[in-house]
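Mind looking over this structure? Questions follow.
The values are calculated or read from the model by the stated rules, or taken from the named source; none is laboratory data. Just so it is clear, the model here is predicted, and its values are computed rather than measured. Cβ: placed from backbone, ideal geometry, glycine included. Neighbour counts: every protein chain shown. Note: areas computed on protein heavy atoms with side chains; ligands, DNA, RNA excluded. Shrake-Rupley method; radii C 1.70, N 1.55, O 1.52, S 1.80 Å.
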Amino acid sequence: METNAANRIICIGAGPAGLTAAYELAKNGRSVLVLESDPHYVGGIARTIRERSAEGEFCFDIGGHRFFSKSQEVVELWNEIIDNKMLTRPRKSRIFYGGKFYPYPLDLVRTLRNLGIIESALCGISYLKARVMPEPNPKNFEQWVSNAFGARLFSIFFKTYTEKVWGMSCKEISADWAAQRIKGLSLSTAVKNAVTRALGIQSKGKIKTLIEEFLYPRLGPGMMWEMAARKIEAKGSKVTLGKKVCALAYDKETQMWNVTTTDGVTESCAEIISTMPLRELIHAIKGAPVNIIAAADKLHYRDFLIVALVLTDRKTFDDNWIYIHSPEVKVGRIQNFKAWSPDMVSNPALVCYGMEYFCFEGDGLWTMPDDALVKLAGEELVRIGLADAADLHNGYVVRQPKAYPVYDHEYEAHVDTIRAWLDAQCPHLQVVGRNGMHKYNNQDHSMMTAMLAVKNILAGNREFDVWRVNQDAEYHEVDTSSTSGQRHVPKRA
Ligand SMILES: Cc1cc2nc3c(=O)[nH]c(=O)nc-3n(C[C@H](O)[C@H](O)[C@H](O)COP(=O)(O)OP(=O)(O)OC[C@H]3O[C@@H](n4cnc5c(N)ncnc54)[C@H](O)[C@@H]3O)c2cc1C
């Protein structure tokens, strides 16, 4: 183990990317210092919160975190970190709309049965209308989806949830996103799929395991990252909490970076792997030019908060999560953490539901006091019919800033500008992960970027281009035959 600061590597952030980098470096005998701003948790957005009360311990994620990857290297690393102790969990998720539950992924027969004869007929007429008189030049998400499915099905299965997640009207979202995201799916293929499913024929290319089951650590994703941190420390490296990086300065003479945290401490190192949001990184780098700071300031985020409600377990549903399309409530998705892993709730008489709200930092939801949010979440759960008011025990609120990097029409150009400047002016600094690269990476892709950055450090060059990860990912909700390409997020029309 090299302990000399001249060879030391600093990883900024102890999320999946920062800890993967630190783990791989420590395994290869390198000395690493991980600086994490959170005072309590490792795991970043994939952390697991643990709350205790007299009634027991309640574990919940920042949204449920499925572990899936097409990269064998990532799956092997998960198993290595967690000593092969991942659970394989059945997946069940449904859509709630108009007082009814629809299976998700959608099943045509049950969907029509739920809609009833009249609504199904109206959807059929609206579909035929769209076929006969489509919008000739669909520019936005609403027009594109209405052309494909009819305006009525659009309003039931696409409009409200999309608008809750992204905080913008479907009229403002570019049609490109619908074309990519829902590529290959039409009402006729949905009918064909329903028939083949009813006949028990498996559609070609379907990744059964990714749709019907997933891997999950017994005590949530945080368990994975807590074990990673312990193993990194066991190899002599350090994972430090409550250390928010606020300044980075490169010394050309010594070819060392000086990294300062908000507590005033400065640490030196030979290499940096950063997972802190790209916008903040640029502001922290000493001497970053005005045009690069301006580009960084144009990167935007969608934020998120979760209200974890503890209730008497009446076994009202066994889904892992339910998408809430109903416009009457603000909640976007409900997680049932006991269905993810029974050990997430220590008291068998209780359940813990995660009420997920998509928001912007500083908006009405974000600034609502915690007790008001717990009250709102409880009322919405009762309104949906998943609990009685008398079942509610208590609730916890966690706000997650920068949950989603926003892909607006100009973000790519700004990221390219920043990237070119970092490559040219910031030697021995690599950015990886989700917000670190302003890329819509899941855990696996965040980890892959970190693994490549480590390979570059170990080889002493920049042979691997971390930006190429997640260029060819497939969206795992549906058959591989129907979609491919990058993991998609909407752009403005
Ligand atoms: C609601 C939701 C559901 C998701 N579901 C899934 C899923 O099912 N499966 C899946 O694989 N992925 C899922 N993801 C994505 C997953 O959470 C991310 O891909 C992953 O956490 C990214 O890892 P990261 O290390 O790049 O970034 P992060 O997790 O954001 O970690 C970055 C770390 O850096 C720290 N940091 C930030 N600034 C500083 C600073 N200045 N100084 C020091 N430390 C700093 C942060 O506190 C954080 O700990 C989901 C994300 C969301 C929002």
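When both residues are 6+ apart or on different chains and their Cβ atoms are under 9 Å apart, which pairs have a first residue that lies in region 37-48 and is under 15 Å from A228 (Cα atoms) and of a type in the set (F, W, Y), and a second that is more than 6 Å from the ligand (Cβ to nearest atom) and open to solvent by less than 20 Å² (accessible area, probe 1.4 Å)?
What qualifies is Y41/T48; Y41/I49; Y41/G222; Y41/W225.
A further question follows. Among the residues in region 363-374, are any farther than 23 Å from M168 by Cβ and open to solvent by less than 10 Å² (accessible area, probe 1.4 Å)? Explain how you work it out, then say what you get.
From region 363-374, those farther than 23 Å from M168 by Cβ are 369-372, 374; that's our starting set.
Filter once more, keeping what is open to solvent by less than 10 Å² (accessible area, probe 1.4 Å): none.
No - not one qualifying residue is present in region 363-374.
Mind listing just one residue for me: the one in region 5-20 that is closer than 14 Å to R230 by Cα and among the aliphatic types (A, V, I, L, M) and, of those, surrounded by the most Cβ atoms within 10 Å (Cβ to Cβ)?
So the residue we want is L19.
Could I ask something else about it? Just wondering, is there one or more residues in region 435-443 that are open to solvent by 30 Å² or more (accessible area, probe 1.4 Å), at pLDDT 60 or above, closer than 22 Å to T275 by Cβ and touching a Ser or Thr at 6+ places or on another chain (Cβ under 9 Å)?
Taking region 435-443 as the starting set, the residues that turn out to be open to solvent by 30 Å² or more (accessible area, probe 1.4 Å) are 440, 442.
If we keep only those that are at pLDDT 60 or above too, we end up with 440, 442.
Okay, now just the ones that are also closer than 22 Å to T275 by Cβ, so 440, 442.
Right, trim to touching a Ser or Thr at 6+ places or on another chain (Cβ under 9 Å) and you get 442.
Within region 435-443 (the criterion being open to solvent by 30 Å² or more (accessible area, probe 1.4 Å), at pLDDT 60 or above, closer than 22 Å to T275 by Cβ and touching a Ser or Thr at 6+ places or on another chain (Cβ under 9 Å)), the answer is yes, since at least one residue qualifies.
Which numbered condition in (1) assigned by TED's automatic domain parsing to the domain that holds Q255; (2) open to solvent by 10 Å² or more (accessible area, probe 1.4 Å) is the only one that S69 fails?
(1)
Looking for whichever is at pLDDT below 95 and open to solvent by 50 Å² or more (accessible area, probe 1.4 Å) here; the options are P327, P348. Which one fits? Give the derivation first.
On the way: P348 fails: at pLDDT below 95.
From the options P327, P348, the qualifying one is P327.
Within region 1-53, which strands (runs of 3 or more DSSP E) (wholly inside it) include 1 or more residues that are within 11 Å of the ligand (Cβ to nearest atom)? Before you say what the answer is, go through the steps one by one.
On the way: elements: 9-12, 32-35, 48-53.
The strands (runs of 3 or more DSSP E) meeting that bar are 9-12, 32-35.
Let me ask you something else. Answer yes or no as to whether D61 is outside the structural domain of A450 (by TED's automatic domain parsing), at pLDDT 95 or above and within 9 Å of the ligand (Cβ to nearest atom). Please lay out each step first, then the result.
Details: outside the structural domain of A450 (by TED's automatic domain parsing): yes; at pLDDT 95 or above: yes; within 9 Å of the ligand (Cβ to nearest atom): yes.
Yes: the conditions hold for D61.
I'd like to verify a number: residues in region 90-121 that are open to solvent by less than 50 Å² (accessible area, probe 1.4 Å) and either touching a Phe, Trp or Tyr at 6+ places or on another chain (Cβ under 6 Å) or among the basic types (K, R) (or both), how many?
Adding up the residues that qualify gives 5.
So, one more: Which is acidic (D, E) and surrounded by 22 or more Cβ atoms within 10 Å (Cβ to Cβ), of E356, E463?
Details: E463 fails: surrounded by 22 or more Cβ atoms within 10 Å (Cβ to Cβ).
It is E356.
For region 233-256, what are the residues that are open to solvent by less than 50 Å² (accessible area, probe 1.4 Å) and either within 14 Å of the ligand (Cβ to nearest atom) or under 23 Å from A294 (Cβ atoms) (or both)? Show your work before the answer.
First pass over region 233-256, keeping only residues open to solvent by less than 50 Å² (accessible area, probe 1.4 Å): 237, 239-240, 242-243, 245, 247-249, 256.
Scanning region 233-256 gives V239, T240, G242, K243, V245, A247, L248, A249.
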